[in-house]
Structure formats: structure tokens, C-alpha cells
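Here is the structure we will look at.
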Amino acid sequence: MDKRYRIAVIPGDGIGKEVVSEGVKCLHALSEIYESLQFEFQNFPWGSDYYLQHGKMMPENGLDILKEFDAIYLGAVGDPRIPDDLTLHGLLLPIKFEFDLYVGLRPVYLFPGVESPLTHISEGEIDIVVVRENTEGEYSNIGGIVGIGEHQQAIQSALFTRKGIERIITFAFEFAREKGRKKVTSITKSNAQRYGMVLWDRIFKEISSRYPDIRTESKLIDAACMDVVRNPKGYDVIVASNLFADILSDLTASVTGGLGLAPGASFNPQDRTYPGFFDPVHGSAPDIAGKGLANPIAAILTAKMMLDYLGEAEAGALLYLAVKQNLAEKKMRTMDLGGRSKTHEVGDDVVRILRSFK
């Protein structure tokens, strides 16, 4: 029985256009291998260029358009001509918030063939999954700026709800149990943030008591940032609020080869009313955009996560093996990994490996 998935592709800004095309290329190759697996891609030119023309990152009915798809695949957003808060709140956050995609999943792994900047760490020794609360916390759009000149005052509020905290922490434990992982670390700052983080700590303790087979710990965000660099092997699954997980996903990526290898997924595991949203962790990197220097591996691994979400685990596993072989061979790699290959050459090599499995 043929399976056809409708994918909304938003290349976005900067290198997003370059890397997402390599992910699509790999998905087309998988359709050749699995003839029953087909994709229908529709591109949307939304992002900063669209904003400069229309004064918004996407049209008013953008969310209504996107909700008809099985998944959303985005390259990156961000442009030096536009304040970052406008790009973020104009595209990414509305999708996550309005579609209630409360789970942000950001895995990092030190692949064979990739050197960590940490000299005491060998390949395969770092394997961390950051679970990010996506729909509330510090990125809630609550507050404002009042006053003029030196009298300006800004109020920025974070929203934490029992429901929101419970469901993301429960997901982290269920994910750990399903994947055979042994430890969940909660990231907090309750010594300074006396309300939201205190509630977070309380609920983490309540939920962890239901999972006696999984070890737990709670760490302050500043200590965790230091410790991830000092002892990354001590981390397995990390669960954190919107801001803290955002920080730690960049930091964990930096010790496993960089943002060019870091995929990302946002979805609601209980409700498939709306499509999942898949974008690599890296930004638009305008300084190298259009030069063919961007590493497409993060976008390709993001496509693998999209396949898993769609229930195509076998195809996802094959794509993962192809990426793993590409990195292990050390023949085709971009400048961030010490190579000279162009973005499309790395994508072509992953496709070559995929076809060799056929």
C-alpha cells in the first residue's frame, strides 16, 4: 500500500535554503528505495524576504494553510536587516504555540569520525537528548516596554503551568524508558526564580517518583552548563524549560561537532491534529549564506526525525546509517568539520550511500 505524505517546506533565510534542499534530496532518494513511500512537497517562500515585502513573516492565513500538511520542514530564519524578535515571533513561535507542539526534541551524538573539542572525549561517548518545553516558560509573550528615553522600563514575564510542566517532564521519563535510557536530569534555577522554577522542581520530584527504574538529578542551569563541558558523559536525557533547553541544546551541540550536526523536532505526542514541525538547531548564518559552505547534516538528520514522527522508522534508520557512514568515511565534509566539500556535495554523498543500500 502506497503511503504519500504532504510536507510543507519553508526554506526560510540564509543557509536554510541550501540545507533544506539537501534534506529533500535525501527524502527523494528514500522514495526510490521504498517505492511505497512517497512525498508531496510544497514550498512556501515565507521568512525575512517575505517580511521585507509584506511586513509579516507569513500571510495571515499561514497557520490555516500549514495545518493541512502531515509535517513542516524548515531550514532556518533570521536576517540582519530585521530584529530577531520579529522573525522568531512572526514564524517559529506561532507555529509551535498555536499548534501546541509542546515537545522540543534535540538529540546530540558524537559520531565516529567526528572529533569533540573536548580532548578527553572519544567518539560515541556523548549521547544526550535535550527535551525542551516548547509552548510556555520564558518565551511566553507576556510583558511590555513603557516610558520614554532614560525612563523606559521593560517587564518580561514567564508563564509556567502545572499542565505544561507535567506533560513535558512525563514525556521525558516516558521517552527515557522507551529508549532504554537510564537517567533524566532536570534543569532549574529555583534558587533565584522563586515561583516558576520552584513549581517546576516540585512537579519533577512528584513525577520522578513514578519511575523508580530511572535515575534522576536536578541541576541549576549555570552549574549544568559548566558540567556538560566538564563531564558530558554524565548526561543522558535532559528536560528543561524553553529558555534553558535552548541554551543547553546549543552547548551540547558544540561538544559533539557543532551546530551543523544538530537536528531538531517539535511535536505533540498525544495529538496529531496539527503537523509536527522540524528544523535544525542552527540559525540562518548570513555570513556564509549562498556560498555552499553550510553543513547540511543537521537538516538531513532533522529529516530523519520527521520520518520517525511519520511512523517511517525503517526509512529513518536507513537515512541515519547513511549519515553515520558519510561522517565515518571523512571524505565529503564541509569546512566546519575540517573539510572542503560544498553543501550539495555532502548531500550527494549521503544519497550515494543510501543508493548503495538498495
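The values are calculated or read from the model by the stated rules, or taken from the named source; none is laboratory data. Not measured: the values here are computed from a predicted model. A quick note on method: Cβ atoms are made from the backbone with ideal geometry, for glycine too, and the neighbour counts reach across all protein chains shown.
Table for the structure above
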| quantity | calculated |
| --- | --- |
| Condition met for R340 (assigned by TED's automatic domain parsing to the domain that holds Y34, at pLDDT 95 or above and in a loop (DSSP other than H, G, I, E, B)) | yes |
| Conditions (1) part of a loop (DSSP other than H, G, I, E, B); (2) out of contact with any helix residue (DSSP H, G or I) (no Cβ under 6 Å at 6 or more places or on another chain); (3) farther than 21 Å from R106 by Cβ; number of the one not met by K358 | (2) |
| Pair list, Cβ < 6 Å and 6+ apart or interchain, from segment 334-351 residues that are free of Cβ contacts under 8 Å to residues at least 12 places away in the same chain to residues that are part of a loop (DSSP other than H, G, I, E, B) and not polar (S, T, N, Q) | G339/R333; S341/M332; S341/R333 |
| All strands (runs of 3 or more DSSP E) inside segment 107-173 with 2 or more residues being more than 24 Å from the chain's Cα centre (by Cα) and at pLDDT below 95 | 137-146, 153-159 |
| Residue match in segment 256-279 (condition: buried (at least 24 other Cβ atoms within 10 Å of the Cβ) and out of contact with any helix residue (DSSP H, G or I) (no Cβ under 7 Å at 6 or more places or on another chain)) | yes |
| Residue within segment 283-290 that is more than 17 Å from N134 (Cα to Cα) and either in contact with a Leu (Cβ under 9 Å, 6 or more places away or on another chain) or not assigned by TED's automatic domain parsing to the domain that holds A76 (or both) present | yes |
| Condition check for A223: within 25 Å of T256 (Cβ to Cβ), free of Cβ contacts under 8 Å to residues at least 24 places away in the same chain and not in a loop (DSSP other than H, G, I, E, B) | yes |
| Scope segment 285-325; condition of a type in the set (K, R), surrounded by fewer than 20 Cβ atoms within 10 Å (Cβ to Cβ) and part of a helix (DSSP H, G or I); matching residues | K324 |
| Helices (runs of 4 or more DSSP H) (entirely within segment 13-76) containing at least 1 residues that are without any contact (Cβ under 8 Å) to a residue 40 or more places away in the chain and not assigned by TED's automatic domain parsing to the domain that holds I288 | none |
| Segment 171-196 - residue that is hydrophobic (A, V, I, L, M, F, W, C) and crowded, with 22+ Cβ neighbours inside 10 Å and, of those, farthest from L220 (Cα to Cα) | A176 |
| Residues satisfying the stated conditions in segment 115-142, i.e. of a type in the set (A, V, I, L, M) and surrounded by fewer than 21 Cβ atoms within 10 Å (Cβ to Cβ) | L118, I121, I142 |
